[in-house]
Amino acid sequence: MAEKILIVEDELSLQETLAYNLRKQGYEVEAVGDGPSALEAARRIKPELILLDIMLPGMDGFEVCRILRNEMSTPVLMLTARDDEIDRVVGLEVGADDYLTKPFSMRELIARVKAMLRRVRIIREEVSASQVDVPDKLIHEFGNLKIDIGRREIRIDGVLINLKPKEYELLFHLAKHKNQVLSRDQILESVWGWDYVGDSRTVDVHVRWIREKVEKDPANPQRIITVRGAGYRFEG
């Protein structure tokens, strides 16, 4: 079955170009041009990926992303016409998984799409394998921190911790390699994909956000340790 992609873009010519090229790649595509329609379509078709423009009529992309992130874990690739770091940071803050600045080449966009969908498939396969082969390993506990990979949930002392999808993936990846030092490049390749074009600061930012949610004292972390000049180590 073809993977479903939702395009949210109010510029009709770009919307049609995106839809045409993604359909050529074999994806099932639905396209809308405003914020409220984006929410309706996402809830209805439950896409594997959402391409989301920031500047939209009715409701901007930031608000759309914020609402959807509370309802589903679908990866979101934000499209912005402004090469503004504030836009990128805000986009990540509200739950976007990646961003692309206009104008962009169709080759780059398709590479990003393939990388993000590949990550979705890998996660599903990991969960499926866990359910079939080692059902007792669906839940991993590290002291008072519990990772439920079946439900994609993190709890501390039984309290649900609200992590963005990429924060969850990063924390789970670190936890799978407990007590091992992972370099930023290793983390980028494993969590974001080998063809991710961002830099290692992306890892640092996400680690900081995770620490704010899972560490008693984020300034003096006990779970995710920085190994100077090397990367990060998860100690549980």
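The values are calculated or read from the model by the stated rules, or taken from the named source; none is laboratory data. These figures come from a predicted structure and were not determined experimentally. Note that we place each Cβ from the backbone using ideal geometry, even for glycine, and neighbour counts take in every protein chain shown.
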Next item on the list: Determine if the range 10-29 includes at least one residue that is within 22 Å of Lys164 (Cβ to Cβ) and either touching a helix residue (DSSP H, G or I) at 6+ places or on another chain (Cβ under 7 Å) or touching a residue at least 40 places away in the same chain (Cβ under 8 Å) (or both).
Entry: no
Notebook entry, point to check: Of Gly58, Gly95, which residue is on the phi > 0 side of the Ramachandran plot, in contact with a helix residue (DSSP H, G or I) (Cβ under 7 Å, 6 or more places away or on another chain) and either part of a helix (DSSP H, G or I) or at pLDDT 90 or above (or both)?
Noted result: Gly58
Next item on the list: Any residue in the range 144-158 that's in contact (Cβ under 8 Å) with a residue 60 or more places away in the chain and closer than 15 Å to Glu215 by Cβ: show its pairings with residues that are among the aliphatic types (A, V, I, L, M) and outside any strand (DSSP E or B) at Cβ separation under 8 Å, as long as the two are six or more apart or on different chains.
Entry: Leu145/Val214; Ile154/Leu163; Ile154/Leu171; Ile154/Val214
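Using the structure shown, decide if Ala41 is at pLDDT 95 or above and in a helix (DSSP H, G or I).
The answer is yes for Ala41.
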Check: When Ala38 is evaluated against the numbered criteria (1) more than 20 Å from Ile110 (Cβ to Cβ); (2) in contact with a Gly (Cβ under 7 Å, 6 or more places away or on another chain); (3) buried (at least 22 other Cβ atoms within 10 Å of the Cβ), which criterion, by number, is the only one it fails?
Finding: (2)
Item checked: Matching entry among Leu100, Leu109 (being surrounded by fewer than 20 Cβ atoms within 10 Å (Cβ to Cβ), modelled with pLDDT of 70 or more and either in a strand (DSSP E or B) or in the same structural domain as Ile161 (by TED's automatic domain parsing) (or both)) -> Leu100
Item checked: Hits in the range 116-154 - residues which are under 16 Å from the mean Cα position of the chain (by Cα) and either at pLDDT below 65 or in a helix (DSSP H, G or I) (or both) -> Met116, Leu117, Arg118, Arg119, Val120, Arg121, Ile122, Ile123, Arg124
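Can you pull out the residues in the range 205-236 that are among the small types (Gly, Ala, Ser) and farther than 18 Å from Ile147 by Cβ?
Across the range 205-236, the qualifying residues are Ala219, Gly229, Ala230, Gly231.
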Check: How many residues does the range 61-79 hold that are outside any helix (DSSP H, G or I) and in contact with a Ser or Thr (Cβ under 9 Å, 6 or more places away or on another chain)?
Finding: 1
